[in-house]
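Q: Handing you a structure now.
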Amino acid sequence: METPISGETPPVDRQRPFHPLESLAAMRHEFGEHGGVNMSIEASTTFTVMTAGTLPEMFQGRLGPETGGCYLYGRHFNPTVYVLGRELAAIEGTAAAYGTASGMSAITAVVLQCCVPGDRIVAGNSLYGGTFAFFHDFLPRKAGVTTSFVDISDHVAVESACQRGVKLVYVESISNPTLVVADIPVLADIAHRYGAQLVVDNTFSPLILAPAKLGADIVVHSVTKFINGASDIIAGAICGTQEFIASLMDLHTGALMLLGPTMDPRVAFEISLRLPHLGMRMMEHSRRALVLSERLAERGFHVVYPGLRSHPQHELLKMLAHPDFGFGGLMSVDLVTTERAYKFMELLQNEDRFGYIAVSLGYFDTLMSVSASSTSSEMSAVDLQKAGISPGLVRISVGYTGSLEQRWQQLERALHQLGD
Ligand code: PLP
């Protein structure tokens, strides 16, 4: 297998808007060791050198896969993970990217790499619960880093939070679970004016949004979700400049190298095979989510979906997003109380096989969860209220199994049984 040493950015035609799949297709194909159409998996955890003196050179950082040396050890760079990294960099439009063991490890490594004790972060007030807990509870206690949580659609509030000093502005491209769309160019401008970097978690909108092309400095993913698509692998990714990705692997100060949330090369191989159909999957997730949310809205339900004209950032998303992939696979319906939300999900799962009561998202089947009592339960009642996460908010990750009409009938039946 040819080992791509640097994550060369594919040539970009400046006359045409960035197209993530064209960028992916423009990459050099990695053939397998025996000419296979799939790349080979480099499973080795360690790599041999022909001259013993090479090793000290590598440990001192003078030789490495990017500087005329070779691979060192699997927790440092691995060739197969490197190929996936180049592919993810291609779809995100960054110079480099690298895989991690989970979305949380991508997020935590980025923050720990960028911040030192005393630093401040300005973050969205509606974030995945694990990310919220990391910022709210872990960082101040373990690292002396504090976070101000703000409504990221209120740019005056973001700016005034930045005025007190800021190292990172951290947002989700489409927030979990409130589906607020981040105005990435404006947030990048604010962050940069205050000397901060903008980090965007693009888990909800792969291909739909390319945050780095809109001004973000670092993009993170829970690859576990849409990019994977089969809910069978936990994985993450960090996308950014060559220098930043290399810094994560620094033998003395690299958060990935030293904390060690390595992506297994077999995982990288599996994920790489799923990227070619990510576009088709995103289109179908989006198409179905739009139809279901339109029909629910017509019947007077409180439904939130960025594809609906009633969504406060609908026009913004249309402007920022690539037009081929729709508005995403996540929608929410607010059934006001926890009891009604639970009953609704139980009817849909146990009577009709519409989907599963399960956290996570991006699966080919539909997944439903009540955010306030599951993936956002790390937040206090006050924080939930500030973020607009009601106790009856059901987050639905719309799958594409069965037919759309069959799924709509099931949804209608459950709402009828619920008494709506
Ligand atoms: N970011 C978002 C937006 C998420 O929804 C999640 C998990 O649900 C994560 C990050 C964490 O990802 P992982 O479970 O792969 O660690």
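Q: Skipping prolines and chain starts, which residues have an amide H placed within reach, meaning under 5 Å, of the one on TYR356, given they are 5 or more residues away or on another chain?
A: Residues meeting the amide H criterion: THR366, LEU367, MET368.
Q: Only Lys, Arg, Asp and Glu count, each charged at its Cβ (+1, +1, -1, -1), so figure out the dipole size of the chain about its Cα centre, rounded to 20 debye.
A: Roughly 320 debye, rounded to the nearest 20.
Q: Under a point spin-label approximation (7 Å from Cα along Cα-to-Cβ), what is the GLU22-ASP154 distance to one decimal in nm?
A: Spacing of the two 7 Å Cα→Cβ label points: 4.1 nm.
Q: With only alpha-carbon atoms in the gyration tensor, what are the semi-axes of the equivalent ellipsoid for the range 280-418, in Å, largest first?
A: 21, 20, 14
Q: Each residue of the range 113-125 in order: what ³J(HN,Hα) in whole Hz does its phi give by Karplus 6.51 cos²θ - 1.76 cosθ + 1.60, θ = phi - 60°, with x for Gly and Pro?
A: 5, 8, 10, 10, x, x, 6, 10, 10, 10, 10, x, 8
Q: List every residue whose amide H lies under 5 Å from the amide H of LEU198, counting only residues 5 or more places away in sequence or on a different chain, with H placed 1.01 Å from N in the peptide plane.
A: VAL169, ASP217, ILE218
Q: Pairs of Cα atoms under 8 Å, at least six residues apart: use those to get the relative contact order of the range 92-181, whole percent.
A: It comes to 34 percent, rounded to a whole number.
Q: Over the Cα atoms of the chain, compute the convex hull volume and normalise it per residue, giving Å³.
A: Per residue, the Cα convex hull of the chain comes to 141 Å³.
Q: On to the next question. Write down, largest first, the equivalent ellipsoid semi-axes of the range 215-304 in whole Å, where each equals the square root of 5 times an eigenvalue of the alpha-carbon gyration tensor.
A: Three semi-axes, in Å: 35, 17, 12.
Q: Another question, then. What are the ³J(HN,Hα) couplings of the range 379-388, residue after residue, when phi is run through the Karplus curve with 6.51, -1.76, 1.60 and θ = phi - 60°? Round to Hz, x for glycine and proline.
A: Taking θ as phi minus 60°, the curve returns 8, 6, 4, 5, 5, 4, 5, 4, 7, x Hz for the range 379-388.
Q: Continuing with this model, one more query. Using the count of nearby Cβ atoms within 10 Å as a rough guide to exposure, how do THR147, THR48 rank from fewest to most?
A: Least to most surrounded, the residues fall as THR48, THR147.
Q: Just flag the trypsin sites (Lys or Arg not before Pro) in the range 135-224 sitting in loop per DSSP whose Cβ has no more than 15 other Cβ atoms within 10 Å.
A: Listed in order of number, the matching sites are ARG164.
Q: Which residues among the range 385-420 fall inside the zone where the amide N is under 18 Å from a point 7 Å beyond the Cα of SER374, along Cα→Cβ?
A: 389-401, 411, 414-415
Q: In the chain, with Lys and Arg counted as +1 and Asp and Glu as -1 at Cβ, which of these residues, ALA106, LEU278, PRO391, has the Cα nearest the positive end of the dipole, that is, farthest along it?
A: So the residue we want is PRO391.
Q: Pairs of alpha-carbon atoms within less than 8 angstrom and 6+ residues apart define the contacts here; what relative contact order does the chain have, in percent?
A: 15 percent
Q: Based solely on its DSSP helices, what 222 nm [θ] is calculated for the chain when runs of n ≥ 4 H residues each add -39,500 (n - 2.57) and the sum is averaged over all residues, nearest 500 deg cm²/dmol?
A: Calculated at 222 nm, the ellipticity per residue is -10000 deg cm²/dmol.
Q: Filter the GluC sites (Glu not before Pro) in the range 234-315 down to the DSSP loop ones having no more than 11 other Cβ atoms within 10 Å, then list what survives.
A: Of the GluC sites (Glu not before Pro), not one in the loops of the range 234-315 has a Cβ with at most 11 other Cβ atoms within 10 Å.
Q: Next question, about the same structure. If each residue of separation counts as 0.36 nm, what is the full-extension length gain between LEU258 and ARG413 once their alpha-carbon separation is subtracted?
A: Stretched out fully, the LEU258 to ARG413 stretch lengthens by 50.5 nm.
Q: Tell me the net charge near VAL181. Cut-off is 15 Å between Cβ atoms, VAL181 excluded, with +1 for each Lys or Arg and -1 for each Asp or Glu.
A: Overall, the nearby charge balance is -4.
Q: For a quick check of your reading of the filter: which chymotrypsin sites (Phe, Trp or Tyr not before Pro) in the range 324-420 sit in a DSSP loop and have no more than 15 other Cβ atoms within 10 Å?
A: Listed in order of number, the matching sites are PHE364.
Q: Can you compute 3J(HN,Hα) from phi for each residue in the range 126-140, using the Karplus curve 6.51 cos²θ - 1.76 cosθ + 1.60 with θ = phi - 60°, rounded to whole Hz and x for Gly and Pro?
A: These are the phi-based 3J(HN,Hα) values: 10, 9, 3, x, x, 5, 4, 4, 4, 6, 7, 10, 6, 4, x Hz.
Q: Can you tally the net charge around TYR98? Count Lys and Arg as +1, Asp and Glu as -1, for every other residue whose Cβ sits under 14 Å from the Cβ of TYR98.
A: The answer is -4.
Q: Just to confirm the number: angle between the C-alpha axis of helix 265-274 and the first principal axis of the chain, 0 to 90 degrees, nearest 10?
A: Long axis of 265-274 versus the principal axis of the chain: about 50 degrees.
Q: Still on this structure, I have one more. Return a whole-number percent for the relative contact order of the range 224-306, with Cα pairs under 8 Å and 6 or more residues apart as the contact set.
A: Over the range 224-306, the number comes to 23 percent.
Throughout, read-outs are computed from the coordinates displayed, never taken from laboratory work. Computed from a prediction, not measured in an experiment: that's the story for all the values here. No Cβ is skipped: glycine too gets one built from the backbone with ideal geometry, and neighbour counts run over all protein chains shown.
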